[in-house]
Amino acid sequence: MQGSWRGTSARNGERALLNLGHTFGHALEAAAGFSDRLLHGEAVALGTALAFEFSARQGSSRAPAQAARVTRHLARAGLPVSLAQFPGGAPGADRLMELMAQDKKVKRGRLTFILLRDIGKAYIASRRRCGAGSRLSCRKARE
């Protein structure tokens, strides 16, 4: 039975990697009032660009080059890649963190991020407490 549990746990971990871009994206959708101002796919694309940028700022060695590559690719597809493209003006860092803190992936006051070491090398970041430290990192990701 323990082997079965481990297998399920591993599958759930792999499944969680599919949430790349969603932590940021869902907060952006909420900021847009879940309207056609920002569609789900657009929010996830923008969230993915932000996740790559956030990964780079967290010190992932290949992430800066890969962030630029992914951003170029998403932009060529006509998707938003920066908060400057947020319709009606992007939420401030504090508001974005408030919205992210409401995400279903928050456990005991800690956000879970899917970050990247490289394209195809996503990982579940250690949960980060919602608050001032995260706010600073989030503010940097907006630039």
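The values are calculated or read from the model by the stated rules, or taken from the named source; none is laboratory data. Everything quoted here is computed from the prediction, not taken from an experiment. Heads up, the Cβs are rebuilt from the backbone with ideal geometry, glycines too, and the neighbour counts pull from every protein chain shown.
Some notes on this structure:
- Within the range 21-39, the set of residues being among the hydroxyl-bearing types (Ser, Thr, Tyr) and under 16 Å from Val81 (Cα atoms) comprises Thr23 only.
- Applying the condition of being exposed (fewer than 15 other Cβ atoms within 10 Å of the Cβ) and among the charged types (D, E, K, R) to the range 97-116 and asking which residue is nearest to the chain's Cα centre (by Cα) yields Lys104.
- Pick from the range 97-136, criterion in a helix (DSSP H, G or I) and hydrophobic (A, V, I, L, M, F, W, C), ranking: modelled with the lowest pLDDT: Leu136
- Of all residues in the range 73-96 being outside any loop (DSSP other than H, G, I, E, B), under 20 Å from Leu39 (Cα atoms) and not polar (S, T, N, Q), the one that is farthest from the chain's Cα centre (by Cα): Arg76
- Applying the criterion of being touching a residue at least 12 places away in the same chain (Cβ under 8 Å) and surrounded by fewer than 23 Cβ atoms within 10 Å (Cβ to Cβ) to the residues of the range 49-62, the residue that is nearest to Leu116 (Cα to Cα) is Ser60.
- The single residue among Pro87, Pro91 that is buried (at least 17 other Cβ atoms within 10 Å of the Cβ) and either of a type in the set (A, V, I, L, M) or at pLDDT 85 or above (or both) turns out to be Pro91.
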